[in-house]
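Here's the structure, in structure tokens; my notes come after.
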């Protein structure tokens, strides 16, 4: 899988680094070490920008996106949220879940790839239905 730079707001970067630090302190880091390390790697690749400067086609925290599973053709709609707000019944995916970590910072038209037990899963970002920064919601 090719790795590339992603976009992230300075505000999201700060909150995500705090989340990782808290996970380490709670020893959750050892339980979910692989996914937390994947998020750390994504953050290291990130182009950090001010919230008002993030392109409106980038998946940021609290964004709602429409994706297509490139294997099944299924349309999926997810909101990318912090772990405390995750609720699979409402399609709210934690940034610490494998798909959440894979989604952050990608743009409309991008192909998101990540490893699953059965191989590589591929989703295409079709549309950003809601992005807090584009909507002027900088407090989330």
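The values are calculated or read from the model by the stated rules, or taken from the named source; none is laboratory data. Quick caveat: nothing in here was measured; it's all calculated off a predicted structure. Note that we place each Cβ from the backbone using ideal geometry, even for glycine, and neighbour counts take in every protein chain shown.
Name every residue in the stretch 63-110 that is under 11 Å from the mean Cα position of the chain (by Cα) and in a helix (DSSP H, G or I), in order of residue number.
98, 99, 100, 101, 102, 103
With respect to the numbered conditions (1) in contact with a helix residue (DSSP H, G or I) (Cβ under 8 Å, 6 or more places away or on another chain); (2) touching a residue at least 40 places away in the same chain (Cβ under 8 Å); (3) surrounded by 13 or more Cβ atoms within 10 Å (Cβ to Cβ), which one is the sole condition not fulfilled by residue 138?
Single failed check for residue 138: (3).
Residues to consider are 120, 93, 88; find the one that is surrounded by fewer than 18 Cβ atoms within 10 Å (Cβ to Cβ) and modelled with pLDDT of 90 or more. Steps first, answer last, please.
Working: 120 fails: modelled with pLDDT of 90 or more; 93 fails: surrounded by fewer than 18 Cβ atoms within 10 Å (Cβ to Cβ).
Matching residue, one of 120, 93, 88: 88.
How many residues are surrounded by fewer than 17 Cβ atoms within 10 Å (Cβ to Cβ) and closer than 27 Å to residue 22 by Cβ when one looks only at the stretch 73-85?
3
Failed condition for residue 42, given (1) at pLDDT below 90; (2) in contact with a strand residue (DSSP E or B) (Cβ under 7 Å, 6 or more places away or on another chain); (3) surrounded by 15 or more Cβ atoms within 10 Å (Cβ to Cβ), with all others met?
(2)
Is it true that some residue in the stretch 52-72 is in contact (Cβ under 8 Å) with a residue 24 or more places away in the chain, touching a helix residue (DSSP H, G or I) at 6+ places or on another chain (Cβ under 9 Å), surrounded by 14 or more Cβ atoms within 10 Å (Cβ to Cβ) and over 24 Å from residue 15 (Cα atoms)?
Within the stretch 52-72, one or more residues are in contact (Cβ under 8 Å) with a residue 24 or more places away in the chain, touching a helix residue (DSSP H, G or I) at 6+ places or on another chain (Cβ under 9 Å), surrounded by 14 or more Cβ atoms within 10 Å (Cβ to Cβ) and over 24 Å from residue 15 (Cα atoms).
Taking the stretch 111-140 only, how many residues are over 21 Å from residue 54 (Cα atoms) and not in a loop (DSSP other than H, G, I, E, B)?
Of the residues in that region, 9 qualify.
All but one of (1) farther than 25 Å from residue 136 by Cα; (2) at pLDDT 90 or above; (3) exposed (fewer than 11 other Cβ atoms within 10 Å of the Cβ) hold for residue 26; state the number of the condition that does not hold.
All conditions are met except number (2).
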